[in-house]
Amino acid sequence: MTGAIWNFVHSALMNFLNTMALLTAETFSLQFNNKRRVSKPYYRRKALLCYQLTPQNGSTPTRGYLKNKKKHHAEIRFINKIESMGLDKTQCYQVTCYLTWSPCPSCARELVDFIKAHDHLNLRIFASRLYYHWLPHYQEGLLLLCGSQVPVKVMGLPEFTDCWENFVDHNEPLSFNPSEKLEELDKNSRAIKRQLERIKSRSVDVLENGLRSLQLGPVTPSSSRRNSR
């Protein structure tokens, strides 16, 4: 296949993939809601992943969204989706993901391994909420991502606005004011960002304490005094 034909086929494929079903405004409002607790009427918070793939050559971005399905988390479906696109490995791509929940530990490891094996992809992950962030195992998953080439960040006003503008169907009647909704999401995100920073700072404290406890020989009185607080 000549270069010209390949470029045409690839462009047509990207345009086809760019045709996507959009989230309803209600789905965005309910699922990206980052309040600490769901208010009445209660509903289940589901895992959604919105992705945008932008080629470095300036071609039209490819967008879509995925959710958990048949025991496959949205993150794993996302990895499979990207691999199925047959992207040109000689070209770089910027990939941005907006998630309703931060990845679980298993998905965190899969994402890190995936991006290490695809150095032509630059992946950014933004989460509306942190998933079981108080459990050590899930904190380890967050720290694995934050210490890798795929740092997970908390969605703020710019990310919520971009998600709203590019992944939501605006043709349907709205039951809320989008501007007020985005401001509320941004206000709540500040508290979630502080939670993530505390998790990362505790990890640093544990590492520093571990290094302090290492001794290369008997502890002398002078060294003991120097290391005390």
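The values are calculated or read from the model by the stated rules, or taken from the named source; none is laboratory data. Computed from a predicted model, the values in this text were never measured in an experiment. Note that we place each Cβ from the backbone using ideal geometry, even for glycine, and neighbour counts take in every protein chain shown. Calculation scope for accessible area: heavy atoms of the full protein, side chains included, ligands and nucleic acids excluded. Shrake-Rupley method; radii C 1.70, N 1.55, O 1.52, S 1.80 Å.
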Worksheet item: Can you find even one residue in segment 12-32 that is of a type in the set (D, E, K, R) and either at pLDDT 95 or above or in contact with a helix residue (DSSP H, G or I) (Cβ under 7 Å, 6 or more places away or on another chain) (or both)?
Response: no
Worksheet entry | Qualifying positions in segment 100-128 - of a type in the set (V, I, T) and either in a helix (DSSP H, G or I) or without any contact (Cβ under 8 Å) to a residue 24 or more places away in the chain (or both) | V112, I115
Practice prompt. Select from segment 52-94 the residues that are of a type in the set (G, A, S) and over 21 Å from W164 (Cα atoms) and list them in ascending order.
Written response: G58, S59, S84, G86
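For (1) more than 26 Å from G156 (Cβ to Cβ); (2) in contact (Cβ under 8 Å) with a residue 40 or more places away in the chain, each residue gets a yes or a no:
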site	(1), (2)
R63	no, yes
H73	no, no
N80	yes, no
Y98	no, yes
Fill in: Members of segment 33-56 found to be of a type in the set (G, A, S) and either closer than 14 Å to R129 by Cα or at pLDDT 90 or above (or both), listed by number
A47
Practice prompt. Kindly list, by first and then second residue, each pair from a residue in segment 129-153 that is in a loop (DSSP other than H, G, I, E, B) to a residue that is among the small types (G, A, S) and at pLDDT 95 or above, limited to pairs with Cβ atoms under 8 Å and residues at least 6 apart or on different chains.
Written response: L130/S102; Y131/S102; H133/S102
Worksheet entry | Considering residues of segment 58-70 that are under 19 Å from V168 (Cβ atoms) and assigned to a loop (DSSP other than H, G, I, E, B) only, the residue modelled with the highest pLDDT | P61
Worksheet entry | Index of the failed condition, W164 passing every other in (1) in contact with a helix residue (DSSP H, G or I) (Cβ under 6 Å, 6 or more places away or on another chain); (2) open to solvent by 10 Å² or more (accessible area, probe 1.4 Å); (3) in a helix (DSSP H, G or I); (4) not acidic (D, E) | (1)
Worksheet entry | Yes/no for T60 being of a type in the set (V, I, T), surrounded by fewer than 19 Cβ atoms within 10 Å (Cβ to Cβ) and touching a helix residue (DSSP H, G or I) at 6+ places or on another chain (Cβ under 7 Å) | yes
Practice prompt. Name every residue in segment 26-57 that is outside any loop (DSSP other than H, G, I, E, B) and open to solvent by 50 Å² or more (accessible area, probe 1.4 Å), in order of residue number.
Written response: E26, L30
Practice prompt. List the number of the failed condition for T100; all other conditions in (1) open to solvent by 10 Å² or more (accessible area, probe 1.4 Å); (2) among the β-branched types (V, I, T); (3) modelled with pLDDT of 95 or more hold.
Written response: (1)
